[in-house]
Amino acid sequence: MSLAETKAAPSKETRKRPLVVMQSVSKVFSSGTIALSGMSLTVESGEFISLLGPSGCGKSTALRIIAGLGDISAGKIDWPSSRINSKGLPEGDIGFVFQEPTLMPWKTVFGNVYLPLKLRGVSKADARERIMEVLATVGLEDFADAFPRELSGGMKMRVSIARALVTKPKLLLMDEPFAALDEITRQKLNDDVLRLWKATGITVIFVTHSVFESAYLSNRIVVMKARPGRVHADFPLTTSLERDSHYRTSEEYRQACETASRSLIEAMGGAEDH
Ligand SMILES: Nc1ncnc2c1ncn2[C@@H]1O[C@H](COP(=O)(O)OP(=O)(O)O)[C@@H](O)[C@H]1O
Ligand SMILES: [Mg+2]
C-alpha cells in the first residue's frame, strides 16, 4: 500500500460510531401488553429524529427504554461511542423532557434547574454560572427567582428544557413536550429547540404525533406502527432552507408534511379518519 493510500484510509474521526443502537427491542408489560416488538433503531450523533406515530404505538415506551427507565423484555441497547456505567447507561449523557414540565412548585426556576447538578453533588455556588448560562439559552435569565406558578405554560416548558440541558447531555429525549401548548407558543419553542440543537450539536429524539411538527423540526422521521409498537418507516428529511417562518410556507415543507402524513396513514392501517 502506498503512503497516499494509507493517508486516504478513513480515520477514526470519519468512521464515527452511532450514539445509540436499539436492536430488536421488545417490551411486554406485566399486564401482558406488548408495547414494543422487535424495534430496531440506530441513532447517529447530531441527528434530530422525530418519532412519529399514533397514540399507543409505543413512542413513550421506546424513549423511556433508551433513557434506561424500565427494563426490556428482549433485544438490546448499545451505546457504541459512550462510556457505560454499571446500569448499562452512558453516564450522565441523557436529558429528558416530558409532556408535563414536572417542576417542583416550592422551588424557584433556579432551584428547579439546579436539581440535576444537586443530585451530582455540585454545590449551589459552583452551579450558579452554568445555571444562569442555560437559563439564558432558553431566554429565562431574568426569571431565575420566579416560582413556577408565576410562569406561563411555555415558560414552564423552557425551565424543563433548561433543567434537561444543565448537565450538558449528548442526547436529549423529548416526549411530546409541546403537545399541551397553544400553536404560537409551540412554534416559538420549536424554533428555540432548533436553535439549541444547532448551537450545541446535541442529538435529539423528539416524540410527537404531529406530522407538521416532525416535518418542521427533524432531519429524520421514524414512523411507528402500533400493536405491537415497531418501526414502520424511516426517512431522512434534508433541506437547504433554514427552518424558519419561510420554511413553513415553502414547497419543501409541504412535501415533507405530505410524505410524513402518507406514511403515518399507512402505519395506521390506511384509514385516514383514525
Ligand atoms: N406502565 C404500563 N403498564 C402497562 N401498559 C402500559 C404501560 N405503559 C404503556 N403501556 C401500554 O403500552 C402501549 C404503548 O404505550 P406508550 O408507549 O405510552 O405509547 P405512546 O407513547 O405511543 O402513546 C399502550 O398500549 C399502553 O397502554
Ligand atoms: Mg406517549
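For the range 24-109, what class follows from the C-alpha gyration tensor (a ≥ b ≥ c being the square roots of its eigenvalues): rounded when a/c is under 1.5, otherwise prolate if a/b is larger than b/c, else oblate?
oblate
Can you compute the FRET efficiency between residue 98 and residue 16 using 1/(1 + (r/R0)^6), with r the Cβ-Cβ distance and R0 = 35 Å? Round to the nearest 0.05.
0.75
Rounded to the nearest 5, what is the percent of antiparallel bridges among the DSSP beta bridges in the chain?
Beta bridges within the chain, antiparallel portion: roughly 45 percent.
Looking at the range 75-212, send over the antiparallel percent of its DSSP beta bridges, to the nearest 5. Don't skip to the end; give the middle numbers.
Values: 1 of 10 bridges.
Taking every DSSP beta bridge within the range 75-212, about 10 percent pair in antiparallel fashion.
Length gain on complete extension for the stretch residue 235 to residue 252, per 0.36 nm per residue less the alpha carbon to alpha carbon distance?
This chain segment gains 4.6 nm when fully extended.
Please return the longest stretch of the chain lacking exposed loop sites, where chymotrypsin sites (Phe, Trp or Tyr not before Pro) count only if DSSP places them in a loop and at most 14 other Cβ atoms lie within 10 Å.
Free of exposed loop sites, the longest segment is 107-274.
Test of the criteria: in the range 73-109, which trypsin sites (Lys or Arg not before Pro) are in a DSSP loop and have at most 10 other Cβ atoms within 10 angstrom of their Cβ?
When the trypsin sites (Lys or Arg not before Pro) of the range 73-109 are filtered for loop state and at most 10 Cβ neighbours within 10 Å, 83, 87 remain.
Would any residue of the range 73-99 have its amide N under 12 Å from a label point 7 Å out along Cα→Cβ of residue 45? List them or say none.
Counting only backbone N, you get 80-83.
So how strong a dipole does the range 81-208 carry about its Cα centre when Lys and Arg Cβ are +1 and Asp and Glu Cβ are -1, to the nearest 20 debye? Kindly include the intermediate steps, with their values, before the conclusion.
On the way: 18 positive and 16 negative charges, 93 e Å.
For this selection, approximately 440 debye.
Compute the distance in nm between two label points, each set 7 Å from the Cα along the Cα-to-Cβ direction, one at residue 86 and one at residue 55.
Distance between the two pseudo-spin positions: 4.1 nm.
When only C-alpha pairs under 8 Å and at least 6 residues apart count, what is the relative contact order of the chain, in percent?
Across the chain, relative contact order equals 25 percent.
Considering the options 215, 131, 187, tell which one lies farthest towards the positive end of the dipole of the chain, charges being +1 on Lys and Arg and -1 on Asp and Glu at the Cβ, about the Cα centre.
Checking the options against the dipole of the chain, the answer is 131.
Answer rounded, prolate or oblate for the chain, using the Cα gyration tensor with square roots of eigenvalues a ≥ b ≥ c: rounded when a/c is under 1.5, else prolate when a/b is larger than b/c, else oblate.
Rounded shape, in that the Cα axes give a/c under 1.5.
Label residue 141 and residue 266 with points 7 Å out from Cα along Cα→Cβ: what is the distance between them in nm?
Rounded to a tenth, the inter-label distance reads 4.7 nm.
A short reminder: the numbers here are calculations on the coordinates, not readings from a lab. In this text the structure is predicted, and so the values were computed from the model without any measurement. Backbone-built Cβ (ideal geometry, glycine too); neighbour counts: all protein chains shown.
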